[in-house]
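First up is the structure itself, then whatever we jot down about it.
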Amino acid sequence: MSRLFSATATDGQYNNLNGTITSTALGLTMPGRTINYVCATVTAGCGLWRIISSQTNKIYRQGFTSQVTYVDPSACMITPLAIQPDMIFQIFSLAVDATAQQTNSVAIVTSNRGQEAFFKTDVPDNTATEMVSVISGLGIGDLLFGSTIQRVCVQLEGGAALTSVSFIDASGGTQYTGYGSYRLPDAGGTSTMKNASFALAIPVQKGWKLKETTVSA
C-alpha cells in the first residue's frame, strides 16, 4: 500500500504532513504498517523530512526532499520502519533566497550519536559560513562535541552550487575540506537530493565549526 501526505508549509520550521484522504497524522493513517519508501517534494528551494514520535520526540528517520518532477525513486528508499500510532511525518523547507548572491541550505550530519539536521539561510556567495542545528541553533562543536562525524550531506536551493564544506577548529585551523557541485537537474549534478555527500571519520572538538562556501543560481 501507499499513501499521500501534504501540507502548506511555513518556511524555516517543521510542519506536520497529514494524509490527503484521512487528514490525519502518519501514525493514525498507517498504524502497524511497515514502510521502506519516503518521497518528499518541494516546488523549489531545499528541505528535509522526518518521522518523529509525538510523545517522546524521538526521530526515527529523516532525509532530504526532492524538487517536484525531479525525483529518483531509488534515492527515496529507507531502512524499513514499522509505523506506531504516535508517529508524525514532518517537513522543513526553505524557499529560494530572495536576495541576489545569497543561498539557503540544509544538511544532515551523521555521527556515532545518530543524525542531526543543520541549516543556514542567506549564505553570501564565496564566503565560508557556519551551519547550525535546525533544532538548537548550536554549531557542530557545541552540539556534537566528543562525537565522531561519519558523514555530511548538503542540499542547497535549486540552481546553487556547493563550492566546499570545511571543519574549522577553535583556533581557526582547517581540519577538513571537501568539494561539492550542483544538484540535478542542473548540469554537473549527480544527485536529485544532494550537492555533496562526504564519508568521514573525524572526532569533533569543542568550538569547531562546520562551514560551507556556495555560489547562488
Inspect all residues belonging to segment 147-170 and state whether any of them is over 23 Å from ALA201 (Cβ atoms) and free of Cβ contacts under 8 Å to residues at least 24 places away in the same chain. no
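Counting just the residues of segment 90-106 that are within 11 Å of GLN62 (Cα to Cα) and not polar (S, T, N, Q), which one comes out surrounded by the fewest Cβ atoms within 10 Å (Cβ to Cβ)?
Filtering segment 90-106 for residues within 11 Å of GLN62 (Cα to Cα) gives 90-92.
Then drop every residue that is not not polar (S, T, N, Q), which leaves 91-92.
Numbers: ILE91: 21, PHE92: 25.
Selected residue: ILE91.
Bear in mind these aren't lab numbers, they're just calculated from the coordinates by the rules spelled out. Values in this document were obtained by computation on a predicted structure and should not be read as measured data. Here the Cβ is made from the backbone with ideal geometry for all residues, glycine too, and neighbour counts use every protein chain on show.
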